[in-house]
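Working notes, beginning with the structure itself.
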Amino acid sequence: MTQSETRAEKAEPKWLKPVVDYVPLAAYFIAYYFFTDKDLVAATKVILIATAAAVLLSLVVARRVPVLPLVTSGFVLFFAGLTVYFEDATYIKMKPTIVQILFAGLLWVSLLLNRLWLKRIFNMAFHLPDEIWRTLTWRFIWFFLASAALNEFVWRTLSEEFWFNFKVFGLTGLTFVFILSQMPMISKNAVEHEEEDGGDDAA
């Protein structure tokens, strides 16, 4: 099973992940500004269709959908579906708030259960001591909660167009900056951990 999964990952074309991750968002942006006259509900129909198509494409090309993109797509489909069904943009505006709070809650539960789910997600990319994973988990929890609060402030107090741009560019940019800000600690402790492993092997 592991060998078949490895073969599937190797066979997966490099263009697939960017297409699945970013094409629905790009379609959302283009539809909002160029085809729907800034009608958020109408643009949400586009991201609903584009997200479903992206998931289907991943299944056809790679015969699988990675867990995180699948979860993210599931949230998009659910809240976009509510928005389209009730013709009420409130649902899509609240999606980032609910999703960020849910992620923060899941990470908090992982700490209570001493499971370190963040480690399971990123362990292939970073090899860190458990205490560093715990620190990162707490930082992600606070980041998700802050993002949720910021989204609530923006959609409730500012214009719909401002929120739309904040959703498409602001939250993505903030997430990128946050992860980038953690890299010094990750790099430092990953090097130290690898040295410790090397020392143990040598001994």
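The values are calculated or read from the model by the stated rules, or taken from the named source; none is laboratory data. What you see is a predicted model; the values in this text were computed from it and never measured. Counting neighbours? That spans all protein chains shown, and the Cβs are built from the backbone with ideal geometry, glycine included. Quick note on the areas: whole protein, heavy atoms, side chains included, nothing else; ligands and nucleic acids left out. Shrake-Rupley method; radii C 1.70, N 1.55, O 1.52, S 1.80 Å.
Taking the criterion of being under 16 Å from the mean Cα position of the chain (by Cα) and touching a residue at least 24 places away in the same chain (Cβ under 8 Å), the residues of the range 18-35 that qualify are VAL19, VAL20, ASP21, VAL23, PRO24, LEU25. Within the range 71-90, the set of residues being among the aliphatic types (A, V, I, L, M) and more than 10 Å from the chain's Cα centre (by Cα) comprises VAL76, LEU77, ALA80, LEU82, VAL84, ALA89. If the condition is being part of a helix (DSSP H, G or I) and surrounded by 15 or more Cβ atoms within 10 Å (Cβ to Cβ), then the range 82-98 contributes LEU82, THR83, VAL84, TYR91, ILE92, LYS93, MET94, LYS95, PRO96, THR97, ILE98. Restricting attention to the range 122-148, and to residues there that are touching a residue at least 24 places away in the same chain (Cβ under 8 Å) and aliphatic (A, V, I, L, M), which single residue is surrounded by the most Cβ atoms within 10 Å (Cβ to Cβ)? My answer is LEU128. Pairing residues of the range 165-183 that are closer than 13 Å to GLN100 by Cβ and at pLDDT below 95 with residues that are polar (S, T, N, Q) and open to solvent by 60 Å² or more (accessible area, probe 1.4 Å), at Cβ distances under 6 Å and at least 6 apart in sequence or on separate chains, gives no pairs at all. In the range 54-65, the residue that is nearest to ALA27 (Cα to Cα) out of those that are open to solvent by 40 Å² or more (accessible area, probe 1.4 Å) and in contact (Cβ under 8 Å) with a residue 24 or more places away in the chain is LEU57.
What about LEU128, is it aliphatic (A, V, I, L, M) and part of a helix (DSSP H, G or I)? When the stated conditions are applied, LEU128 does not pass them.
Scanning the range 1-24 for residues that are part of a helix (DSSP H, G or I) and open to solvent by less than 40 Å² (accessible area, probe 1.4 Å), which turns out modelled with the highest pLDDT? Residue satisfying both the conditions and the ranking: PRO24.
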